[in-house]
1. Relative contact order for the stretch 1-140: what is it in percent, counting Cα pairs under 8 Å that are at least 6 residues apart?
2. Hey, what did the chain get for relative contact order, percent, Cα under 8 Å, at least 6 apart?
3. Measure of size requested: the Rg and Dmax of the stretch 94-247, with Cα atoms as the atom set and Å as the unit; please supply both.
4. May I ask for the net charge around residue 260, where only other residues with Cβ less than 13 Å from the Cβ of residue 260 are counted and Lys, Arg are +1 while Asp, Glu are -1?
5. Would you mind counting up the charge near residue 244? Only other residues with Cβ under 12 Å from its Cβ, with Lys and Arg at +1 and Asp and Glu at -1.
6. For residue 249 and residue 267, calculate 0.36 nm times their separation in residues minus their Cα-Cα distance, and state this gained length in nm to one decimal.
7. Report, ordered by chain and residue number, the aspartates and glutamates lying within cross-link reach of residue 255, taken as a straight Cα distance under 16 Å and ignoring same-chain residues fewer than 8 apart.
8. Long-range amide H contacts for residue 192: which residues qualify at under 5 Å (H placed 1.01 Å from N, peptide plane, sequence gap of 5 or more or a different chain)?
Amino acid sequence: MPAPTFLIIGATGTQGSSVVSALLQNAGASPIQILAVTRNPSSTKAKSLAASDPRVKLLNGDPSSPEALFQSAAMQVDGVFCVTVHGPPGAEEKQAQSLVDASLAHGVQHFVFTSADRGGDVLSETNPTPVAHIASKHRIEAYIQQKTAGTALRWTFLRPVTFMDNLTPDFPGKGFAAMWRQVGSKPIQLVAARDIGYFGAVALLRPEKYAGRKIGIAGDELNFEQACSVFRETMGVEMPTTFCAVGSVLKMAMKDIGAMFTWFETAGYGVNIAAARRENPNLQDFATWLKESSGFRDMRKN
Ligand SMILES: NC(=O)c1ccc[n+]([C@@H]2O[C@H](COP(=O)([O-])OP(=O)(O)OC[C@H]3O[C@@H](n4cnc5c(N)ncnc54)[C@H](OP(=O)(O)O)[C@@H]3O)[C@@H](O)[C@H]2O)c1
């Protein structure tokens with residue numbers, strides 16, 4: 001039997017690269033092939049992905065033209081990991097829908113879509129939220145369920161929350177922290193991209209266990225003040241942020257992100273973190289992510 005082949009959209013990005021790493025870690029001795037989709041195979045990220053393991057092959061192409069991707073893959077694809085990137089209204093839906101359609105046409109067996117939590121398992125079914133890029137994912141989930149009904153294509157939805165990985169030592173990371181501060185005392189649920197990668201990988205590797213499931217993924221829940229305390233205790237310095245006014249400007253400039261932080265103030269995510277941790281006991285909390293996966297280092301160590 002040929003090795004199961006997985007086509008990973010966004011393989012050079014935050015979630016896709018985590019899925020590739022987790023596939024390599026979790027496949028063990030089982031043979032697998034990973035087709036890592038990129039629009040630019042000569043980028044540093046693409047090159048390091050290709051060099052990471054002989055099981056990874058770059059697939060040069062644009063996710064918005066999935067038919068061309070399947071043509072250039074020139075082999076049977078068993079599982080697809082789908083991430084969508086923000087764009088004008090309808091752009092995310094178009095990316096995912098054309099990939100679902102092409103997957104059906106090419107006999108793919110399992111479609112893993114990384115969506116977003118919308119207030120917990122129950123509320124996520126009916127609540128698109130007032131946040132455009134989260135509402136898009138609600139519509140994509142509906143499309144996938146409707147389009148694949150009665151077909152051999154099974155699906156798994158991952159529903160992550162805000163990425164811890166948004167907190168970086170540079171200006172965008174400080175801007176993220178400033179917007180977080182403006183949410184006030186209400187905690188935000190957070191997840192390490194590494195852990196989205198874990199669920200994406202095990203879903204692809206074990207469709208018999210994961211197909212048909214909608215999996216909320218979060219590893220911690222903290223308000224800004226609590227996050228500052230964890231950061232101080234873990235890293236030995238204050239969590240980098242910037243003026244509150246910068247947070248306000250960013251929320252105005254990036255209207256959809258602004259709407260999301262406003263949604264956090266009154267509603268927000270509702271993942272059952274204990275349930276997620278039962279499935280993956282290695283799920284990182286904020287302190288663990290800071291120590292093991294972040295771009296920060298403990299200033300008390302040489
Ligand atoms: N950040 C958060 O806290 C958070 C939380 C929940 C959900 N999400 C969702 O996560 C999704 C983004 O995932 P991500 O952060 O993993 O993505 P990403 O890292 O921003 O991008 C993934 C890859 O897609 C390709 N890409 C970038 N822009 C593109 C474009 N305009 N057209 C086609 N390809 C493009 C790039 O690869 P190449 O250049 O190599 O082609 C990039 O490496 C969004 O839908 C967002 O709503 C984010």
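All of the numbers you see were taken from the coordinates with simple rules; none came from a lab. Here the structure is a predicted model, which means the values were calculated and not measured. Heads up, the Cβs are rebuilt from the backbone with ideal geometry, glycines too, and the neighbour counts pull from every protein chain shown.
1. Relative contact order comes out at 21 percent.
2. 18 percent.
3. Just the Cα atoms of the stretch 94-247 yield Rg and Dmax of 18.1, 55 Å.
4. That works out to +1.
5. Around residue 244, the charge tally is +3.
6. 4.3 nm
7. Partners within reach: 265.
8. For residue 192, whose amide H was placed from the backbone, the distant partners under 5 Å are 164, 219, 284.
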